[in-house]
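Novice: Starting off with a structure, shown below.
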Amino acid sequence: MLEILGYVEKDIRKMDFNEVLDEEPKLIWMDCYDPSDEELYAISEKLGIDTDELALGLDEQEVPRVEEEEDYYLIVFKAPLFEEDITTTSFGVFVKNNIVLTIHKDKIKAIGKLHRAICYKKPRNVLDKGNGFFIYTLLNQIISSYSKVLVKVEDDLDVLEDRILQDHNKNLTDDILQLRKMLVYFHKALISNKDVISLLKRKYLPITTQEDRWEFEDLYYDIIQLIDMETTYRELLSSMMDMTLSIENIKMNQIMKILTMVTALFAVPVWITGIYGMNFKYLPFSEDPNGFWIILLISMILIVVVMYIFLKEKWIR
Amino acid sequence: MLEILGYVEKDIRKMDFNEVLDEEPKLIWMDCYDPSDEELYAISEKLGIDTDELALGLDEQEVPRVEEEEDYYLIVFKAPLFEEDITTTSFGVFVKNNIVLTIHKDKIKAIGKLHRAICYKKPRNVLDKGNGFFIYTLLNQIISSYSKVLVKVEDDLDVLEDRILQDHNKNLTDDILQLRKMLVYFHKALISNKDVISLLKRKYLPITTQEDRWEFEDLYYDIIQLIDMETTYRELLSSMMDMTLSIENIKMNQIMKILTMVTALFAVPVWITGIYGMNFKYLPFSEDPNGFWIILLISMILIVVVMYIFLKEKWIR
Amino acid sequence: MLEILGYVEKDIRKMDFNEVLDEEPKLIWMDCYDPSDEELYAISEKLGIDTDELALGLDEQEVPRVEEEEDYYLIVFKAPLFEEDITTTSFGVFVKNNIVLTIHKDKIKAIGKLHRAICYKKPRNVLDKGNGFFIYTLLNQIISSYSKVLVKVEDDLDVLEDRILQDHNKNLTDDILQLRKMLVYFHKALISNKDVISLLKRKYLPITTQEDRWEFEDLYYDIIQLIDMETTYRELLSSMMDMTLSIENIKMNQIMKILTMVTALFAVPVWITGIYGMNFKYLPFSEDPNGFWIILLISMILIVVVMYIFLKEKWIR
Amino acid sequence: MLEILGYVEKDIRKMDFNEVLDEEPKLIWMDCYDPSDEELYAISEKLGIDTDELALGLDEQEVPRVEEEEDYYLIVFKAPLFEEDITTTSFGVFVKNNIVLTIHKDKIKAIGKLHRAICYKKPRNVLDKGNGFFIYTLLNQIISSYSKVLVKVEDDLDVLEDRILQDHNKNLTDDILQLRKMLVYFHKALISNKDVISLLKRKYLPITTQEDRWEFEDLYYDIIQLIDMETTYRELLSSMMDMTLSIENIKMNQIMKILTMVTALFAVPVWITGIYGMNFKYLPFSEDPNGFWIILLISMILIVVVMYIFLKEKWIR
Amino acid sequence: MLEILGYVEKDIRKMDFNEVLDEEPKLIWMDCYDPSDEELYAISEKLGIDTDELALGLDEQEVPRVEEEEDYYLIVFKAPLFEEDITTTSFGVFVKNNIVLTIHKDKIKAIGKLHRAICYKKPRNVLDKGNGFFIYTLLNQIISSYSKVLVKVEDDLDVLEDRILQDHNKNLTDDILQLRKMLVYFHKALISNKDVISLLKRKYLPITTQEDRWEFEDLYYDIIQLIDMETTYRELLSSMMDMTLSIENIKMNQIMKILTMVTALFAVPVWITGIYGMNFKYLPFSEDPNGFWIILLISMILIVVVMYIFLKEKWIR
């Protein structure tokens, strides 16, 4: 799927593929999502970039980096991917003259959001400032996308902590695993993204102005903050897993104590009833009218004594 | 909330917002806690600092750093935050000419304390020596605030260790988790703060004198000492978690031994009573007047033998 | 075993050992798999490389590296080894003039594949560009071989996750161990291989052209991507092992709860039946025609009460 | 407490506080242990060092380092502290002209030992060679003090290993925890001390001669050896904790197997006796004189069969 | 114990202590194992090396390093030590003029082997090439000694893996611990040894020729290979320990399931027999000739139903 926005004569408008390069607008953003082979070939033709190179942007595992080629630039960046689980995916940004091409295999929320924002809201300040600022806006949107997820994680952690103390089950363990999984993916992605931003803020590239580099400087601190949050959360999660294990053991201890108490309380009394249930002709006290009550009393006393022992050993509280 | 202290003619006095800049006191400290939008806008107007920049000081997760702008300095620093749990929060210090502005979203104990100290105790030696020394005093107060918490942790650890050996339950696990959580937050905060102090002690900035930098040197060793303590405590806590797990397992073993012994002791005797409880016409010894006593004796001997086996296997001590 | 391919007059053909060096083809690839001592000696004679040196390529544990000797180059590289388990093995590539000798103790899939491709498919573009490009093609094949395995691992992990939640047993644990083992070997191999590729892309060697080094640059990013994937998978696996442990504990808790409930439910009722089974002459209610039903009712009520307690404690759901 | 030793005219003698500086002995060692405020003030007066600076030596957590001040040197170093547990404590060494002042809050064994050695044994070779050599002797004594403890740890570990295999209980877990705790403290202390020694061996300071620096070089290797030992022991201890956990689990398995066997062996036989204990008028075989023996035989066979199953499953060995 | 080999006039012969230095053979190797004080003193006299220095070679924990003294060289190196467990020990190599002195407290296999090889096999090529080559031969022998042990470890790991899946007990845990212990010692030793070899291959020392340094280069790759193997094995062992824990838990689950099933199967049937064992005058069906069979049938049905429930819950497979 290919959607093209052009900034022509201080206005934004959707463009047709054939219009591109024809009337030289100031800035053209081509967003190419999961392209068919034909689309890929057409773009390759139009921009003069090899399809193999374009395909780099479609590899979900591609390493984030900045590549300077003879007549274009390629930025590979990782964005959060909201599918069944939250993982990450790579996308490519090709910059050639006045054209910025974003190309991605997976649906990336932040790009869609930026697209809508440009179409319906405030076109000028994003596209007016040139390629560099547009790239900054795009990457900033991606970083915000991570940020939103991570801010939610903090609340999730508080909820998890309460749930661990109250009750522990398979769902909880699964939730913890899902969180850890997401944080593992985010960690890898953010570390690599940081290198990209760090290069963009530091190195002179013809596509960015000095002002753009200052913006990337801010983005750099944002990404460091996210990495900080994410490592903190990972350590907290791992503390929680430990706690989980400990609490399960404590619960098991309590269950086993109950089982042991129930078994111990009735062991002797049941044996006694067994003894008096034996079919001997001569059973002591069996003729005695109080025999039954005597035995019952002895059993009761035994139960109370055993209970008292458990109480003293603090098995019951 | 906005509170302003000015050092005018060798005296401290509370100032009104409008007085600021009017009569040029030597040093003005504006402390701005959780400001309303109006307050933020007013401060922005007065100081000529963008509200977006001021808002950096209100982001609780902001990365500690020193930023040199054209006509002011921004120091972001992390302080302990005493809410339900002890975590950390960021605050911003803006320095412009004779004005020091501290701005924070959360209530920071150390700042309140410094405020009270200046108002009611010894104003001169803090404010007389200029911006640099005031900032040193402020950061020193924050570091002391960490220090107090960490010194208390050492005692907590000793108490925890005793509690683990005596009795282990959910509360204990929760206490360990809370401590670990706090130390994780402190670790991140102290590491970042160290970089700030390190820069302040090393780099020439117009706002600090050579003497101030010597003071920051001392602060630097203090913060390294805190990091050292904190990592030590984290390792001790993790050893304790291991110990906890081990002790729970030992207890479980003991509980299961008791259960097994109770079950094993009465298994055969109960079976024997069952056998003699069967309603057969011809039961051996059933007519014998000593039958009952013989069976009882055999059961008793069996119980003693099983008990002896457990004693030899050191299940009972 | 020794197989020789020569690129003579724009055509590929299998060559005899004696033909080598005789008619000076542009490029000769000698592939030597698990050579006999005679073969090794013959190659040593022909190429003028010491048998000790050749033997480096046969050591399965040899450290990947590039060695520059006076008149030849040696590249040691690690490839995946598909035996019972998937581990890794080292092989050597000797480059001397127009001859490339690959020598390996174990069967390496990627080399066989390349051999078949050259024989039956597209000879020119691989062998036409000289030694450097041929080495690139070879190493690229090896890297793809890792890549294929690692891509499969991602699916395996998803399957494992589901299996953990559903049912956990020895086979699962074994599968996890096998995966971890493979990833440990891959990690070591890829880290060392990265150094080889990094050197090949960076350093001027007479056997590689500038174009070859650009190809190695691409390979370098591929290998970094693989390392990234592999570390991510290792962290996910280790999270899964933790989850596994937790789920086993939860299951154990549930089993013990069932056991405790069964034991507790019938403890008192069985004791009661024991009491009324005692052979006393005077048993209360024993003459009463409703006695049996009263006792049965009491037992039932007891069972319901105990069940209700467990229900309230949320042991049953 | 303050004790002063002076090296006057090739002899050692205890000196009075007032004598210090009066008659210019070649070297004066003032040892100040847990000083009162008056003592601290007096020393400050005499040496011209601020009390705040002197107090650095009394902070048990102070970071080891070397500080060069205008007219004196301060070395902070960490020594083992033998209280209830073995931890570490900091002490300060101030060097000003011919005076060496050691100041410490806690009792440090190594210092007491050196004091006694100088008083009663071999005074000259220690004090004759000047400040630098005296400091070397002092720090060497401290390092030996660590060394003695760590050498003992190796034996402790062997004993622990045997105890784990034989029997595992709370005391053992506590002993392991105490060892780990000590090694954590030692690790931090030795790492910091290493930096001090490294600086003393490397950097030209007016208080050390070239020969002294050679001695510090030896000390440097000693401290590296200690760090090596200590990390090795920590890894061994952590392996032992793992082993402990594993052995506890194995024991638990064995206990549960016994319990399960006892329960399973008598489950059916007890049920059978119950069946024949029922008070029905018509019980099969109940009139048969061999009935009892038949039932008993069936029960016995059942027990043997179940036992055989357990034997085949290798539950019994 | 002191054994001396001299290379005199192209022949090897055992020498007397007094002959040393007398007739100037080309190379003298003195091997000194656990020397008495007299021996140590005699060597010190002969070589002009301080006994304190010589004693460095006798400290089993000494840090591997190369020391250049005025007229001799000292190399400290770590060798595997085959006692009850396999650990490591340090030994010293002193090189002065034409004399190489190896001095060690413990018996080192590799040195004994080299000694025998020189005495009985191929003297020339080892001693003919001078000090540097002899040291290379010696260290090479030590490295091979590590290599042999580590190659065996790989097989041990395969065996362990099978044993874990089959059966797990204390011996297995102990075997794993012993392996881990050995690898911890090997890791420390190999890392330090690597630094020694790295220096010998890199730095010009009068005792080594350029050819010797090329040999050390090969040794360097060997030692890196060993470190690689050893870290791989450590990671595999730690994976196995995790697996072990998991399998123990699975087994425990199975044992508890059996126990719970046995208990649950007979809970109700035993209660029923108890009910009909009560001595009431009026028991329903007790007069009925089919009563016994009805109750027995109900019990059987109950057992089958409970078993079916367990089957459906997949407790039985």
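Novice: Along Cα→Cβ at 7 Å, what distances in nm separate the E:Arg116 label point from those on the other copies, shortest first?
Specialist: Label-point distances to the other copies, shortest first: 5.0, 5.0, 8.1, 8.2 nm.
Novice: Let me ask something else about it. If you take every DSSP beta bridge whose two residues both sit in the protein assembly as shown, what share of them, in percent to the nearest 5, is antiparallel?
Specialist: Rounded to the nearest five, the antiparallel share is 85 percent.
Novice: Just the number please: accessible area per residue for the protein assembly as shown, 1.4 Å probe, all protein chains included, in Å². Provide the component values of the computation, followed by the final result.
Specialist: Values: 69760 Å² over 1585 residues.
Here the per-residue accessible area is 44 Å².
Novice: Compute the label-point distances linking E:Gln178 to its equivalents in the other copies; points lie 7 Å from Cα along Cα→Cβ; give nm, one decimal, shortest first.
Specialist: Taking the point 7 Å beyond Cα along Cα→Cβ, the inter-copy spacings are 3.0, 3.0, 4.8, 4.8 nm.
Novice: Also, quick follow-up: Given q = 0.13, 0.17, 0.18, 0.19 Å⁻¹, what are the Debye log10 I(q)/I(0) values for the range A:249-313, with equal point scatterers placed on the Cα positions and solvent ignored?
Specialist: Cα-only, vacuum Debye calculation for the range A:249-313: -0.48, -0.69, -0.73, -0.78.
Novice: Could I ask something else about it? Output the DSSP H helices from chain A with an along-axis C-alpha extent of no less than 20 Å and a mean Kyte-Doolittle hydropathy no less than 1.6.
Specialist: Working: long enough: A:131-166 (53 Å, 0.27); A:170-202 (47 Å, -0.04); A:210-277 (99 Å, 0.20); A:291-312 (32 Å, 2.59).
Correct list, ordered by number: A:291-312.
Novice: Estimate for me the total accessible surface buried between chains B and A (protein heavy atoms, probe 1.4 Å, no ligands or nucleic acids), in Å² to the nearest 100.
Specialist: Numbers: alone 18610 and 18580 Å², together 32550 Å².
In total, chains B and A hide about 4600 Å² from solvent.
Novice: Separate question: Give, to the nearest whole percent, the P(r) tail of the range B:110-251 beyond 21 angstrom, counting all Cα pairs.
Specialist: Counting pairs separated by more than 21 Å, the tail of P(r) holds 54 percent.
Novice: Below 15 angstrom from the Cβ of B:Lys281, what's the summed charge of the other residues (Lys, Arg +1; Asp, Glu -1)?
Specialist: Around B:Lys281, the charge tally is -1.
Novice: For a protection proxy built on the mean count of beta-carbon atoms within 10 angstrom, sort B:252-264, B:302-314, A:276-288 highest first, please.
Specialist: Output ranking for B:252-264, B:302-314, A:276-288: B:252-264, A:276-288, B:302-314.
Novice: Peptides C:198-205, A:188-195: what's the order by average Cβ count within 10 Å, highest mean first?
Specialist: A:188-195, C:198-205
Novice: If you don't mind, there's one more thing I want to ask. Ignoring ligands and nucleic acids, what accessible area does A:Cys119 show with a 1.4 Å probe (Å², nearest 10)?
Specialist: Accessible surface of A:Cys119 is approximately 40 Å².
Novice: Please work out the Cα center distance from the range D:166-196 to the range E:237-304, rounded to the nearest Å.
Specialist: Between the Cα centre of the range D:166-196 and that of the range E:237-304, the gap is 50 Å.
Novice: Another question, if that's okay. 7 Å along Cα→Cβ for the label point: how many nanometres lie between E:Val304 and each equivalent label in the other copies, listed shortest first?
Specialist: Ordered by distance, the counterparts are at 3.0, 3.0, 4.8, 4.8 nm.
Novice: How much of the accessible area of the protein assembly as shown, probe 1.4 Å, is carbon plus sulfur, in whole percent?
Specialist: 52 percent
Novice: Report the local net charge at C:Asp156: Lys and Arg +1, Asp and Glu -1, summed over other residues whose C-beta lies under 12 Å from its C-beta.
Specialist: -3
Novice: Hey, another quick one. Which value results for Rg/Rh of the range D:2-247 when Rg is the Cα radius of gyration and Rh the Kirkwood radius based on the inverse mean 1/r? Write down the numbers at each step before the final one.
Specialist: On the way: Rg = 20.1 Å, Rh = 19.3 Å.
When Rh is taken as the Kirkwood radius, the ratio is 1.04.
Novice: Another question, then. Please check the range D:157-177 for residues whose accessible area, probe 1.4 Å, is lower by 30 Å² or more when all protein chains are in place than in their chain alone.
Specialist: D:Glu161, D:Leu165, D:Lys170, D:Thr173, D:Asp174, D:Leu177
Novice: Whole Å is fine, so just give me how far the alpha carbon centre of the range B:28-42 lies from that of the range D:105-157.
Specialist: Here the answer is 59 Å between Cα centres.
Novice: In cubic angstrom, how much convex hull volume per residue do the alpha carbon atoms of the protein assembly as shown span? Each step should come with its number before you reach the end.
Specialist: Working: hull volume 431.9 nm³, N = 1585.
Enclosed volume per residue, from the Cα hull, is 273 Å³.
Novice: Separate question: In chain D, what residue has the beta-carbon at the shortest distance from the axis of the rotation relating D to B, and what is that distance in angstrom, rounded to the whole number?
Specialist: Measuring from each Cβ to the axis, the minimum is at D:Gly277, 4.
The values are calculated or read from the model by the stated rules, or taken from the named source; none is laboratory data. Computed from a prediction, not measured in an experiment: that's the story for all the values here. Methodologically, a virtual Cβ is constructed for each residue, glycine included, from the backbone with ideal geometry; neighbour enumeration extends over all protein chains shown. Ligands, DNA and RNA are stripped out before the accessible areas are found, and what is left, the full protein with its side chains, is counted by its heavy atoms. Shrake-Rupley method; radii C 1.70, N 1.55, O 1.52, S 1.80 Å.
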